[in-house]
Amino acid sequence: MSEQENGQTEESIWVDFKLSGLLLSDKVRELHASIEEEWDSLQRSACQTAAGRALWKHLIHDPVADVLAGEKYLTSFYEKIKKDRLNNAREISGVILAVRTLWFDSHIEAALNSFDGEETQVVLLGAGMDGRAYRLNCLRGSNIFEVDFPTLLQMKTTLLEAVTMTSSNGNQQPAMMARSLTRVAADIRDDNWLEKLQASGYNPERNTVWVLEGILYYLSNLHAVQVLKTIADYCALTHTVLLADFMNKSSTTLANSTFHFYSDWPDHLLPSLGFADVKLSQIGDPDAHFGLMDDPLNLFNRLRNLPRSVETHPDDGSPCCRLYLVKASGSPEKDIP
Ligand SMILES: C[S@@+](CC[C@H](N)C(=O)[O-])C[C@H]1O[C@@H](n2cnc3c(N)ncnc32)[C@H](O)[C@@H]1O
């Protein structure tokens, strides 16, 4: 049994899973029951993601993740983790999500630091149940915009209000880390999402970090490229950083896949759309490791050792399903020859 840096053993990390009293309140249960009845699988994927973050709490300290995830997703995710541990699986469920989350967190912080204290905006496209505005101290100087479908954002607000009302320690909302938070109800496949963002206070001339985590592959190729191109166009106006994860083709073509857009070479695609600098990482790379990828035989380390052009694994013929973590940026100065 390995011992973590903070003295917790593997065992103690996972055994103390308990649903909080807030989750069991009638109001929160009622709200989550309506999610089950009314939402499609795309929107519900936001609860699934929040559940993963809530359960990997020894690494991701998210004060709102469990309430946003709900009992059903927490319980079923926890059962998967338990099964993986019983089977001595090399990859415990949620490890990709944990690495992905920590990669985005660290790159958001680095991008904000690179802006030298100037006022900044962070736009989360397909924000879902992401709790970063309540979780990341590095956002204290930034204006945050969360863009998602209207029903999802309304539910997120209502759930967080329910926490306030049910909370035994007074009537405070969960503490906000960001300077401001604005929820923008929009479908990013529509032509008017940018108008809606600007009408909500987004300033196209202010330094911006765009966070596209777990969203691009739900879009069609046409829509994904349109969204990326829209963001790239801002590089001519202001310092612009894009953080996004991309699935490769093998990941989206598995049986029963609900994914559409893929790119095997985002480091070629993004410059063609107008980004000046692009850096691509794979899970397990030094900046996408976080001490979680020590086993050389785990799936991700085996993939990293193969050229990216290889589509099936030579050892067992399985498809090489990759998730790329990509930082792309540009600014008006970079366009001057
Ligand atoms: C897997 S969740 C990821 C949520 C969040 N980025 C995170 O990491 O916690 C995908 C989210 O994208 C949102 N989404 C998908 N298609 C969208 C669209 N066309 N416009 C706006 N939001 C969309 C879904 O509603 C959902 O909240």
## Note on the structure
Quick count over the range 301-335, residues being in contact (Cβ under 8 Å) with a residue 40 or more places away in the chain and of a type outside the set (S, T, N, Q), is 16
#### Entry: Considering residues of the range 24-67 that are assigned to a loop (DSSP other than H, G, I, E, B) and more than 14 Å from the ligand (Cβ to nearest atom) only, the residue nearest to M176 (Cα to Cα)
P63
### Summary
Only unsatisfied item for Y217, checking (1) within 14 Å of the ligand (Cβ to nearest atom); (2) assigned to a loop (DSSP other than H, G, I, E, B); (3) under 21 Å from V99 (Cβ atoms), is (2)
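This table checks each residue for (1) under 22 Å from D233 (Cβ atoms); (2) loosely packed, with under 13 Cβ neighbours inside 10 Å; (3) over 15 Å from the mean Cα position of the chain (by Cα).
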position	(1), (2), (3)
V95	no, no, no
D105	no, no, no
G117	no, yes, yes
P150	no, yes, yes
P174	no, no, yes
L181	no, no, yes
### Query
For the range 292-327, what are the residues that are aliphatic (A, V, I, L, M), more than 16 Å from M247 (Cα to Cα) and under 25 Å from the mean Cα position of the chain (by Cα)?
L292, M293
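Yes or no, residue by residue, for (1) crowded, with 16+ Cβ neighbours inside 10 Å; (2) touching a residue at least 40 places away in the same chain (Cβ under 8 Å):
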{"site": "N256", "(1), (2)": "no, no"}
{"site": "Y262", "(1), (2)": "yes, yes"}
{"site": "D267", "(1), (2)": "yes, yes"}
{"site": "K279", "(1), (2)": "no, yes"}
{"site": "I283", "(1), (2)": "yes, yes"}
{"site": "L299", "(1), (2)": "yes, yes"}
### Task
Being surrounded by fewer than 23 Cβ atoms within 10 Å (Cβ to Cβ), touching a helix residue (DSSP H, G or I) at 6+ places or on another chain (Cβ under 9 Å) and free of Cβ contacts under 8 Å to residues at least 40 places away in the same chain is the filter here, so list the residues in the range 224-245 that pass it.
T230
### Query
Out of all the residues in the range 54-84, which are crowded, with 20+ Cβ neighbours inside 10 Å, over 10 Å from F17 (Cβ atoms) and either touching a strand residue (DSSP E or B) at 6+ places or on another chain (Cβ under 9 Å) or among the small types (G, A, S) (or both)?
A65, A69, G70
### Message
When you scan the range 282-302, do you find a residue that is closer than 15 Å to V95 by Cα and among the basic types (K, R), even just one?
### Response
no
### Message
Being more than 25 Å from G291 (Cβ to Cβ) and in contact with a Gly (Cβ under 9 Å, 6 or more places away or on another chain) is the requirement here; does L19 meet it?
### Response
no
### Task
Name the single residue, out of those in the range 183-213 being without any contact (Cβ under 8 Å) to a residue 40 or more places away in the chain and small (G, A, S), that is surrounded by the fewest Cβ atoms within 10 Å (Cβ to Cβ).
A199
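Read-outs: derived from the displayed coordinates by stated rules, not from any lab. Quantities reported herein were computed from a predicted structural model and do not represent experimental measurements. Glycine gets a Cβ as well: all are built from the backbone with ideal geometry, and neighbour counts include every protein chain shown.
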